[in-house]
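Notes follow the structure.
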Amino acid sequence: MPKYSLVAEELRRLCAQLKRQGDDRLPSEQALCLRFSCSRQTIRAALAQLEQEGLICKKRGSGSYLADGRPRPDDRVMLLVPDENEYRYPGLIRELRPRFAAKGLHLLCRSTGDSHAQERALLLELLRDPPAAVLLEPIGERFPNPNEELLKELTLAGIPLAYLFGAYAGGAEAPCVTEADRDGAALLVDRLAERGHRRIGGLFRCDDSRGYARCAGAMRRCAELALVSGGRDFAWLDTEDRRRIVDGDTELLRLFLRQRWYDCDAVICQNDELAYHLIRELERLGRSVPGDLAVASFDDSYYASAGSVGITSLGHRAHALADAVEQAVLAAIAGTGQSPAPLPWFLVERAST
């Protein structure tokens, strides 16, 4: 008997169980693959067999339902991010809400506070009251995740999951919005080298895959251009370090300036927020930007224009991030698992370089 026929038999039992429970929506294709340890092709063949038998029906962009049931009325798409008020999110949320509303979905945002404990509490809440989909920005996904089992439960419960700016280990099957970070870092190095900078340092997050990718892209391009930059010119910080800097404790920045960047003539920062605080610290120390030290970064946010020196920064084309997020969420709901292409970066030059 073909594998899909065996899976179809298990799915018939599942349909009977769902009907007894008063539920009408089948788990996503991704969840069924995990449940039955088989390929997406096998699951689709089994679902097609049940659809032909009239046991289930498919709703485009929503999933599979019992043929005599109705789609789940819940229309919430839950966006979980470290801080919904952080500079990238308010504008993104404003752009996404009408897009999802046009598809019958309602976007809500909750903050995890960069805390695994708070993330856990929110995931448990979503398991008790399942939304239409979850879009999650992970917390320091380079480090072990104590909520890994909860995320598996989320998937097995048939709750569509997509990731923003990186995925936890084991999340490879879920759609994920990413950025072309290595290429972007290389673009910044090229522009700094064109301006005559020969020793370029960096400031990146050690618990964030974007930090590693941006550092790797910068270091590789420095080597290709035979610049004198070396490993000691690149500094690392974590979530707590970033919080202290934003709250006004800049001792770590002063330490890096003394011990890491004393020979550097340029520094690439993980994002505009860190670049903004670095420039303010340089000004307090009586050093000029870019005369003593050029500064460049990522995101082209309001931080890039908020200080006394405009920051040369990388940004995305208008609406590109919202397009990618919408695509990832709809792919999660449809169960295709298809991630959008990494978002390319474009240079916006200002006075800091």
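The values are calculated or read from the model by the stated rules, or taken from the named source; none is laboratory data. Everything numeric here is computed off the predicted structure, so don't read it as measured data. Virtual Cβ from ideal backbone geometry, glycine too; neighbours counted across all protein chains shown. The area values use the complete protein model at the heavy-atom level, side chains included, leaving out ligands, DNA and RNA. Shrake-Rupley method; radii C 1.70, N 1.55, O 1.52, S 1.80 Å.
For the chain, carbon and sulfur atoms together expose 49% of the accessible surface, with a 1.4 angstrom probe and every protein chain in place.
For region 11-97, the dipole from Cβ point charges (+1 on Lys and Arg, -1 on Asp and Glu) about the Cα centre works out to 340 debye, to the nearest 20. For region 201-353, a crude dipole built from +1 on the beta carbon of Lys and Arg and -1 on the beta carbon of Asp and Glu, taken about the Cα centre, is about 260 debye to the nearest 20. Spatial offset of region 88-114 relative to region 1-70 amounts to 30 Å, using the alpha carbon center of each. Each of L203, A157, A304 was placed along the dipole of the chain (beta-carbon charges, centred on the mean Cα), and the one lying farthest toward the positive end is A157. Per residue, region 219-339 exposes an accessible area of 42 Å² to a 1.4 Å probe, with every protein chain left in place. Helical content alone sets the calculated 222 nm signal of the chain at -13500 deg cm²/dmol, taking -39,500 (n - 2.57) per DSSP H segment of four or more residues and averaging over every residue. Amide H contacts for D208 (H built 1.01 Å from N in the peptide plane; partners 5 or more residues away or on another chain; cut-off under 5 Å): R142.
Annotation: per residue accessible area for region 1-104 equals 54 Å², rounded to a whole number [probe 1.4 Å, protein chains only].
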